[in-house]
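A short write-up of the structure that comes next.
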Amino acid sequence: MGFRGLLAIVTTVAAFGCGPSPITSPRIASAIAPTFANLVQVQISRLGMPSMAASDFAVAASCRRLATGSNSGAGDWACTLVWRGPHHQALTDTYDLTVSTDGCYTATIEGEELGGPTIKASDGRDVRNLLYAFEGCFETM
């Protein structure tokens, strides 16, 4: 194989899969913030609280990759969400994310800050806590 053939192979490999990862902090943050806001909206309605629009929660996310020198790629991430609660109080919660190469993630929170896997609705029934653990995906193209 000549120089041109080798150059063509290297160029093809670089263009299709060996470039920078499409999984970045801004992409994850811009995916998890609206997903979380939508879940809060559904959650408060299930708990019997007054309805609010997802945008009223003003969720902002900041995400970082764990245990690597890189701030991109699949693996373990942490995202801190700063948001406005149903009574307009400022809240901050940090989720652990496992992000796969296809842009899908699972988010879980440690402790009981947002309640456990189930919480009590205003009528006393147990409901699944949508904010305890959730999944989402974002576009990687």
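The values are calculated or read from the model by the stated rules, or taken from the named source; none is laboratory data. Predicted model only: the values in this text are computed from it and were never measured. No Cβ is skipped: glycine too gets one built from the backbone with ideal geometry, and neighbour counts run over all protein chains shown. Accessible surface is based on the protein model in full, side chains and every heavy atom, while ligands, DNA and RNA are left aside. Shrake-Rupley method; radii C 1.70, N 1.55, O 1.52, S 1.80 Å.
General remarks:
- Checking each residue in the range 98-133 for being out of contact with any helix residue (DSSP H, G or I) (no Cβ under 7 Å at 6 or more places or on another chain) and of a type in the set (A, V, I, L, M) picks out Ile109, Leu114, Ile119, Ala133.
- Contacts under 9 angstrom Cβ, first residue in the range 70-87 being part of a loop (DSSP other than H, G, I, E, B), partner open to solvent by 30 Å² or more (accessible area, probe 1.4 Å) and basic (Lys, Arg), 6 or more apart: Asn71/Arg64; Asn71/Arg65; Gly73/Arg65
- Remark: pairs (first residue in the range 115-137, among the acidic types (Asp, Glu); second residue modelled with pLDDT of 95 or more and open to solvent by 20 Å² or more (accessible area, probe 1.4 Å); Cβ separation under 8 Å; 6+ apart in sequence or on different chains) = Glu135/Cys104; Glu135/Thr106.
- Residue check for Ser25: modelled with pLDDT of 90 or more, touching a strand residue (DSSP E or B) at 6+ places or on another chain (Cβ under 6 Å) and farther than 26 Å from Leu114 by Cα: no
- Comparison of Asp123, Asp56 shows that the only residue that is touching a His at 6+ places or on another chain (Cβ under 9 Å), among the acidic types (Asp, Glu) and farther than 28 Å from Ser21 by Cβ is Asp56.
- Residue in the range 84-103 that is among the aromatic types (Phe, Trp, Tyr) and touching a Gly at 6+ places or on another chain (Cβ under 8 Å) present: no
- Residues located in the range 128-141, provided they are of a type in the set (A, V, I, L, M, F, W, C) and open to solvent by 80 Å² or more (accessible area, probe 1.4 Å): Cys137, Met141
- Take the conditions (1) surrounded by 15 or more Cβ atoms within 10 Å (Cβ to Cβ); (2) touching a residue at least 24 places away in the same chain (Cβ under 8 Å); Val42 misses just one of them, which is (1).
- Some residue of the range 83-97 being exposed (fewer than 13 other Cβ atoms within 10 Å of the Cβ) and of a type in the set (Val, Ile, Thr): yes
- Of all residues in the range 113-127 being closer than 20 Å to Ala33 by Cα and not small (Gly, Ala, Ser), the one that is surrounded by the most Cβ atoms within 10 Å (Cβ to Cβ): Leu114
- Just one residue in the set Gly48, Gly69 is closer than 20 Å to Pro20 by Cα and out of contact with any strand residue (DSSP E or B) (no Cβ under 6 Å at 6 or more places or on another chain); that residue is Gly69.
Rundown of residues vs (1) touching a Pro at 6+ places or on another chain (Cβ under 7 Å); (2) acidic (Asp, Glu); (3) not in a strand (DSSP E or B), yes/no style:
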position	(1), (2), (3)
Asp102	no, yes, yes
Glu112	no, yes, yes
Gly124	no, no, yes
Val127	no, no, no
Leu131	no, no, yes
Phe134	no, no, no
Glu139	no, yes, yes
